[in-house]
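FYI, it's all coordinate maths here, none of it is from the lab. Here the structure is a predicted model, which is why all the values come from computation and not from measurement. All Cβ positions, even for glycine, are placed from backbone atoms using ideal geometry, and neighbour counts span all protein chains on display.
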Amino acid sequence: MKKLLVISILLAIAPLSFAATHNLDGRTLTVDELWAISAPGEKVAVTPEGWARIKASYKAPIDAATDGRDIYGLTVNYGALKDQKVAGASVEAEPNRSASIKFNERQMRIQAAGLEPYFDDRISKMAMVIRLNQMAAGYTGMSEAAANAFQEYINNDVCPLIPSRGSEGANDLSMATHIGLALMGEWDVSYQGKRVPAAQVRKQLKLQPYHPFGMDGISILSNSNVAEAQSIAAVKKAEHYLALSPVVIASSLEALNGNVSPFLWHTVETKGWPQGHEAAEAVLANLKGSYLWKKDAKRYLQDPLSFRSAGYILAAAMEELNQTKSLLNTAINHTTDNPIVNTEAKNDRWYSNAEVLDEMRAGKPTVYVNSCSNFDNTQLALQMESLTKALGQVMHISAWRTTQLVDDHRTGLRHTSLLKKTRAATDLPTSF
């Protein structure tokens, strides 16, 4: 009885032992690690190098403003209102500091609009982790207080409710802004499986009040972190689907009494396309011990195209998946901010000594604060579209194989009248 009790206790606490703390340095975060972090209980810690970049990044726009420069989102307003002053040159001194906080908080309240349904907790948590990692990359200009606020929510699984509909334009401003509003304690969060006011959770966890200051405001609301989190969730689903595809292909070959020849190494080698061998070997691995490796005089010399080309179509989707993950790996370690901060810029370009660059520098020759269009995600959108098209081809060819398996003349299997009627209704050519 005692042994059973001990085993029961160990089983009860076992899931807790799998939780881990992941280091964020702004350089090495991957899609796979980010997905793991998004699970409940997973925590993050910024590395010493990451904290050093956060501090240097925060200081750059403050120094630039002190030098008399207008800094978008710091000393002047956004968009069409960019000619309006927000704070004076000495941003950290009063009354400028209070003016900056008031401006940032007002922008959160203005931008936070959207419609249900809300994104699930994993997308919300990933969006926050991405932002914190990009702070550690040194590109955002955000404060240490902001980094701590994000880290507290991440490590306590406090997930701001983010509407999935209602954003307009080239960025997802209204989505990301709900994170900022929740950090301020003025919105709702998902906590321990319930919708709870952020202020209540902050009080329960004894978190210090957070007031966005300086570049915090524009850097919280003007980024593509939510869209990147959405993309990663979609990629992980695609990855799961493609991992199952070799099993489906192998099963359909067995049902057909098909040929393994299109998947053999020496066959695939003559094509030479990316992921060809990986896809083919994954299919063959599911045919170990299969009767298909034995001679059969009744087996057709050549299978329908939907069987012969299954490996190449799967390979195409696998390659698009790899390309998408690679691009996302780059995105989450860089930034979609405007303006950007770079404290480790190259100073050996042919144009490095041009007068105009002096206007962009913030003190040191390698520190820059300047405008850009980093929120443009055309390349990622096109890559996601390519992955979607490739997945469509995988599903399309799978449907064609299904119609062939309805033909008991090919398989020797008995089918219901409903399946036969379905096959007749499609009127598909048998060669596919």
For the chain, size of Cβ-based charge dipole, Lys and Arg +1, Asp and Glu -1, in debye: 1620
Footprinting exposure proxy for 320, 105 (fewest neighbouring C-beta atoms within 10 Å first): 105, 320
Among beta bridges that DSSP assigns inside the chain, antiparallel share in %, nearest 5: 70
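Given Cβ point charges of +1 (Lys, Arg) and -1 (Asp, Glu) and nothing else, what value in debye, to the nearest 20, does the dipole of the stretch 26-223 about its Cα centre take? List each step's numbers first, then the result.
Details: 21 positive and 22 negative charges, 62 e Å.
That gives a dipole near 300 debye.
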Of 293, 350, 187, the one that fluctuates the most in a GNM where the chain has Cα springs shorter than 10 Å: 350
Among 173, 93, 73 the positive-end extreme of the charge dipole of the stretch 26-223 (Cβ point charges): 93
Student exercise, the stretch 272-377 dipole from Lys, Arg, Asp, Glu Cβ charges, in Debye to nearest 20: 880
Dipole axis of the chain (+1 Lys, Arg; -1 Asp, Glu on Cβ), positive-most option in 374, 384, 143: 384
Among 118, 368, 139: highest mean-square fluctuation, GNM of the chain, C-alpha pairs under 10 Å: 118
Whichever lysines have a C-alpha closer than 17 Å to that of residue 325, once near sequence neighbours (fewer than 8 apart) are set aside: 236, 237, 389
Qualifying lysines (Cα of each under 21 Å from Cα of residue 82; at least 8 residues distant if same chain): 102
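Output the peptides 240-247, 210-217, 35-42 sorted from most to least packed, where packing is the average of other Cβ atoms within 10 Å over each peptide's residues.
Numbers: 240-247: 15.6, 210-217: 25.4, 35-42: 17.5.
Answer by packing, highest mean first, reads 210-217, 35-42, 240-247.
Where does the chain land at 222 nm, in deg cm²/dmol rounded to the nearest 500, when only DSSP H runs of n ≥ 4 count, each adding -39500 (n - 2.57), divided by all residues? Intermediate results must be reported in sequence, preceding the final value.
Values: 18 runs with 230 residues, N = 432.
Counting only the DSSP helices, I get -17000 deg cm²/dmol.
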Inter-part distance where the stretch 281-295 and the stretch 198-273 are each reduced to a Cα centre, Å: 29
Potential lengthening between residue 76 and residue 27 on full extension [0.36 nm per residue; Cα-Cα distance subtracted]: 14.6 nm
Cα-based reach from residue 288 at 18 Å (exclusive), listing lysines while leaving out same-chain residues under 8 positions away: none
Listed residues 363, 403, 48: farthest to the positive end of the dipole of the chain (Cβ charges): 403
10 Å binning of all Cα-Cα separations within the stretch 26-223, expressed as whole percents from 0 upward: 9, 36, 37, 16, 2
Label of the coordinate-derived value, P(r) over Cα pairs in 10 Å bins from 0, in percent, listed as (i) 5, 21, 26, 20, 14, 8, 4, 2, 0; (ii) 4, 18, 28, 27, 17, 5, 1; (iii) 4, 18, 23, 18, 15, 12, 7, 2, 0: (iii)
